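Taking it in order: structure first as structure tokens, then the write-up.
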Amino acid sequence: MRTIKTIILISIFPLLTIMSVSALNENDANVISESISTLTKVQSKLKTIKGASDISRIIDLTIKQLSTAVSNPGTSCVSKLKTSLLKLDQAASRIASRSCANSERKVCIQDNLADQILGDLQGAIDDLKEIAVLDTDDNKVPDVCDEDPDDDGIAGRKDNCPLINNPDQVDADKNGTGDVCELFYCCQDSSLTVPLEECERKTINSCNKEGGIVLGGIPSRQTRGAKK
């Protein structure tokens, strides 16, 4: 029982961090978090599909470019943000063209799988595009490209998690990315039979929407093998 309470407390702290005062409101920050999470899942899935590794690489590089964009506020961010969204559109087009129904290649993506991946990817792209045009202070710079979009007092490249308020900048694995940006959650059904380290990784919102139970914060797969 004590273990479960500890796990729940671990899961609550990052949520409170995200809900703290931010230049991006809570909903916008959650949309970005969900979108990046979806992109990561799509990228991982494409990596396992024969003939789709190049699309997986495009999405992987785009995720990194999005992070770089918001770490360089101002016109540089705006330019990189537009380029990132363009690359995601190109990745979506490639997936559609390589479905078995549309491709003459010997190796193609099964139609049902292509439709599922494309649906997830397009949803993330659409959400990111909506956030990318928000400019609440009318300074002609999107909110995500402002000097300190998460309002934690740390701006630009010095912020290891530029879209989530984390003034303490905790980075347990010393990989340059703040823990609050890398913490996913164990999401299980009511049976609670899957070990914590083997459960499905989701964000808090996506787990709650699916009726799952958030058990605790765990590092995303991307942090494994990171240099100490």
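The values are calculated or read from the model by the stated rules, or taken from the named source; none is laboratory data. Keep in mind that what you see is a predicted model, and the values were worked out from it rather than measured. Cβ atoms come from the backbone with ideal geometry, glycine included; neighbour counts cover every protein chain shown.
With the requirement that a residue be farther than 16 Å from D143 by Cα and within 17 Å of the chain's Cα centre (by Cα), what does region 63-83 give you? Across region 63-83, the qualifying residues are I63, K64, Q65.
Results for (1) at pLDDT 90 or above; (2) outside any loop (DSSP other than H, G, I, E, B); (3) polar (S, T, N, Q); (4) touching a helix residue (DSSP H, G or I) at 6+ places or on another chain (Cβ under 9 Å), shown as yes or no for each residue.
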| residue | (1), (2), (3), (4) |
| --- | --- |
| L66 | no, yes, no, yes |
| A91 | yes, yes, no, yes |
| L128 | yes, yes, no, yes |
| L134 | no, no, no, yes |
| D150 | no, no, no, yes |
| N160 | no, no, yes, yes |
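Only one of the numbered conditions (1) surrounded by fewer than 21 Cβ atoms within 10 Å (Cβ to Cβ); (2) at pLDDT below 85 is not met by D111, and that is (2). State which residue is surrounded by the fewest Cβ atoms within 10 Å (Cβ to Cβ) when the search covers only region 56-73 and only residues that are of a type in the set (V, I, T) and more than 17 Å from A155 (Cβ to Cβ). Ranking the qualifying residues of region 56-73, first place goes to I58. Would you call D137 in the same structural domain as S35 (by TED's automatic domain parsing), of a type outside the set (V, I, T) and in contact with a strand residue (DSSP E or B) (Cβ under 9 Å, 6 or more places away or on another chain)? No, not satisfied. On the given criteria, is A91 of a type in the set (G, A, S), touching a Ser or Thr at 6+ places or on another chain (Cβ under 8 Å) and either closer than 28 Å to C207 by Cα or free of Cβ contacts under 8 Å to residues at least 60 places away in the same chain (or both)? Against the criterion (of a type in the set (G, A, S), touching a Ser or Thr at 6+ places or on another chain (Cβ under 8 Å) and either closer than 28 Å to C207 by Cα or free of Cβ contacts under 8 Å to residues at least 60 places away in the same chain (or both)), A91 qualifies.
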